[in-house]
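See below for the structure under consideration.
The values are calculated or read from the model by the stated rules, or taken from the named source; none is laboratory data. What you are looking at is a predicted structure, and each value in this text was computed from that prediction instead of being measured. Cβ: placed from backbone, ideal geometry, glycine included. Neighbour counts: every protein chain shown. Surface accessibility is based on the protein's heavy atoms, side chains included, excluding ligands, DNA and RNA. Shrake-Rupley method; radii C 1.70, N 1.55, O 1.52, S 1.80 Å.
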Amino acid sequence: MAKESRLPKQSEDFPAWYNQVVRQAGMAENGLVKGTMIIKPHGFAIWEYVQRALDDRFKATGHENVYFPLLFPMKLFEAEADHVEGFAPEVAVVTHGGGQKLEEPLAIRPTSEAVIWDTYSRWVQSYRDLPLLYNQWCNVLRWEMRTRLFLRTSEFLWQEGHTAHATKQEAWEETLRMTEVYREVVEDVCAIPVIIGRKSDAERFPGADETVTLEGMMRDTKALQSATSHFLGQNFSRAYNVQFLNREGVQEYAWGTSWGLSTRVVGGVVMTHGDDRGLRLPYHVAPVQVVIVPIYKTDEEAATVLERAESIKADLVGNSIRARVDDRDQYRPGYKFSEWELKGVPIRLEIGPRDVAADEVVVADRVTGGKNSRSTTDAVAAMPGLLKDGWQALYDDALAFREANTHEITSFDDMREGIEAEGGFWVGAWCSDPVCEEKVSGATKATIRTLPLDKVDPGGACVVCGRPGDERATWARAY
Ligand SMILES: [Zn+2]
């Protein structure tokens, strides 16, 4: 399967670049049914590292994992009016099974609030039963028309947390606690800087009182919602009758949250850090952190070089670094270099017979593009630091890029022309009227990505209507 990879340039055709990187790096391809995705080893391994980082943090903040069924009666879904209205166009319904028409149609979960809150009504009786702090790792299905690998597919993998609390205060704190967990994983692990804020009514999760979002800027200056944490108020406890006897002996409805992060974030890693040569992976999520490429001509050289390569690998693995020796015989070193660059491996070590004799290796850094010779001992000892520096460089690059592409709105026309010409994030005052919000999205295809978590001075009049500003909104075109 030798193939010379050729990527379109990001600056010329970003969507084509994205599709080619995902395919050529062995991350994913389309399934047989439109909108479905086959996740390949390199893509799945990145997801597993994200998963692990999240799951450890869920457990550390007191959550437990559970699993609920993929199917539930369609009528269960219909109890929460906003929720069903928001999701109805995307729900797939099973009408036949075992060769017969079912008596009752079944929904394939597009999200699990309905089945979980229905269950909570049987689990919660007293304040002593609260809080419920549960998460599930699963797949969900949402009938999507316009799909793109990882970013928007009809079936995707995610986690969904669903918690129930005795007080509003506790539920709001939980919403923010999980926002911070997401921030750690998206920023500190995936090196994607995010802006955190609330969604407008129009953009909010159907059935939530408040949605907190984390938005990153991709290298085409569009926004990607990386994760959301929802404060559900008592909407679902009322719809599914989740009541408890409080300390004073009075019946109350429980307060809820839900929060999710999906395989979409893998697409976010690609689009935040990738360049014209392919992926650039932060080491936390890199399936291979250091690849060692042996260079030799004769069998004798091969024996010496491979022995050294294996010994360096053993030292790196001993330092908890994911290292691999690429000893495939059928490819030349140059081919291997491009392939590992395409796959985004943070550090490549090259070793030839002369390096073995001098007790040196060549260290090539995927993020900075730097390349130099170091003594073997020094290279091994420096590796944890180099990996961290690579993470930092990716984060700093992405942050500088976002700052350079964030604009203060001076007028509606200026914003409209600016978004058309250069995209980016546009920040300015909004009166909170959905009519103005629609006017902007109609004219620019940009939506409100975030409103500050705590309201701030909007900094002037609404950029659309000129009435007094109420919120300081960040607008952008988004995935
Ligand atoms: Zn307005």
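Numbers for the structure displayed
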| quantity | calculated |
| --- | --- |
| Restricting segment 414-446 to residues that are assigned to a loop (DSSP other than H, G, I, E, B) and more than 10 Å from the ligand (Cβ to nearest atom), the residue that is most open to solvent (accessible area, probe 1.4 Å) | LYS445 |
| Test result for VAL317, within 27 Å of ASN19 (Cα to Cα) and within 29 Å of the chain's Cα centre (by Cα) | no |
| Segment 162-210: number of residues that are over 13 Å from the mean Cα position of the chain (by Cα) and outside any helix (DSSP H, G or I) | 19 |
| Segment 447-466 residues that are touching a residue at least 24 places away in the same chain (Cβ under 8 Å), paired with ones that are within 16 Å of the ligand (Cβ to nearest atom) and open to solvent by 60 Å² or more (accessible area, probe 1.4 Å) (beta carbon under 7 Å, 6 or more apart) | PRO452/ARG472; PRO458/ARG472; GLY459/ARG472; ALA461/ARG467; ALA461/PRO468; VAL464/LYS439 |
| Number of positions in segment 376-399 that are open to solvent by less than 50 Å² (accessible area, probe 1.4 Å) and under 23 Å from ALA314 (Cβ atoms) | 10 |
| Answer residue from segment 462-473, given it is part of a strand (DSSP E or B) and open to solvent by less than 50 Å² (accessible area, probe 1.4 Å) and is farthest from ALA443 (Cα to Cα) among those | GLU471 |
| Neighbours by Cβ (under 8 Å, 6+ apart or cross-chain): first from segment 418-442, touching a residue at least 24 places away in the same chain (Cβ under 8 Å); second part of a helix (DSSP H, G or I) and within 11 Å of the ligand (Cβ to nearest atom) | TRP430/CYS436; TRP430/GLU437; VAL440/PHE412 |
| Filtered residue count, segment 129-138, keeping only those that are under 12 Å from GLU160 (Cα atoms) and free of Cβ contacts under 8 Å to residues at least 60 places away in the same chain | 0 |
| Check on ARG402, buried (at least 18 other Cβ atoms within 10 Å of the Cβ), basic (Lys, Arg), under 30 Å from GLU173 (Cβ atoms) and within 15 Å of the ligand (Cβ to nearest atom) | no |
| Residue tally, condition surrounded by fewer than 17 Cβ atoms within 10 Å (Cβ to Cβ) and either assigned to a strand (DSSP E or B) or in contact with a strand residue (DSSP E or B) (Cβ under 8 Å, 6 or more places away or on another chain) (or both), over segment 20-30 | 3 |
| Unmet criterion (only one of (1) within 16 Å of the ligand (Cβ to nearest atom); (2) among the charged types (D, E, K, R); (3) closer than 30 Å to LEU306 by Cα) for ASP359 | (1) |
| Segment 76-128: number of residues that are surrounded by fewer than 16 Cβ atoms within 10 Å (Cβ to Cβ), without any contact (Cβ under 8 Å) to a residue 40 or more places away in the chain and assigned to a loop (DSSP other than H, G, I, E, B) | 3 |
| Strands (runs of 3 or more DSSP E) fully within segment 220-263 counting 2 or more residues that are open to solvent by less than 10 Å² (accessible area, probe 1.4 Å) | 223-233, 255-262 |
| Residues of segment 335-345 satisfying the condition of being open to solvent by less than 10 Å² (accessible area, probe 1.4 Å) and not aliphatic (A, V, I, L, M) | LYS336, GLY344 |
| Answer residue from segment 325-373, given it is part of a loop (DSSP other than H, G, I, E, B) and acidic (Asp, Glu) and is nearest to ALA286 (Cα to Cα) among those | ASP326 |
| Subset of segment 447-461 [away from the ligand (no atom under 14 Å from the Cβ), of a type in the set (Val, Ile, Thr) and either crowded, with 18+ Cβ neighbours inside 10 Å or more than 30 Å from LEU176 (Cβ to Cβ) (or both)] | THR447, THR450 |
| Among residues of segment 78-95, those that are of a type in the set (A, V, I, L, M) and under 27 Å from the mean Cα position of the chain (by Cα), counted | 4 |
| The lone exception for ALA393 - which of (1) of a type in the set (Gly, Ala, Ser); (2) more than 16 Å from the ligand (Cβ to nearest atom); (3) out of contact with any helix residue (DSSP H, G or I) (no Cβ under 8 Å at 6 or more places or on another chain); (4) more than 25 Å from VAL285 (Cβ to Cβ) it fails | (4) |
| Pair list, Cβ < 6 Å and 6+ apart or interchain, from segment 45-69 residues that are basic (Lys, Arg) to residues that are part of a helix (DSSP H, G or I) | ARG57/VAL181 |
| From the options ASP329, ASP315, residue that is modelled with pLDDT under 95 and either within 14 Å of PRO384 (Cβ to Cβ) or out of contact with any helix residue (DSSP H, G or I) (no Cβ under 7 Å at 6 or more places or on another chain) (or both) | ASP329 |
| Any hit, segment 357-374, residues being among the polar types (S, T, N, Q), open to solvent by 10 Å² or more (accessible area, probe 1.4 Å) and in contact (Cβ under 8 Å) with a residue 60 or more places away in the chain | no |
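Conditions (1) touching a strand residue (DSSP E or B) at 6+ places or on another chain (Cβ under 6 Å); (2) under 30 Å from GLN243 (Cβ atoms); (3) surrounded by 16 or more Cβ atoms within 10 Å (Cβ to Cβ), marked per residue:
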site: ARG146; (1), (2), (3): no, no, no
site: THR175; (1), (2), (3): yes, yes, yes
site: GLU184; (1), (2), (3): no, no, no
site: VAL194; (1), (2), (3): yes, no, yes
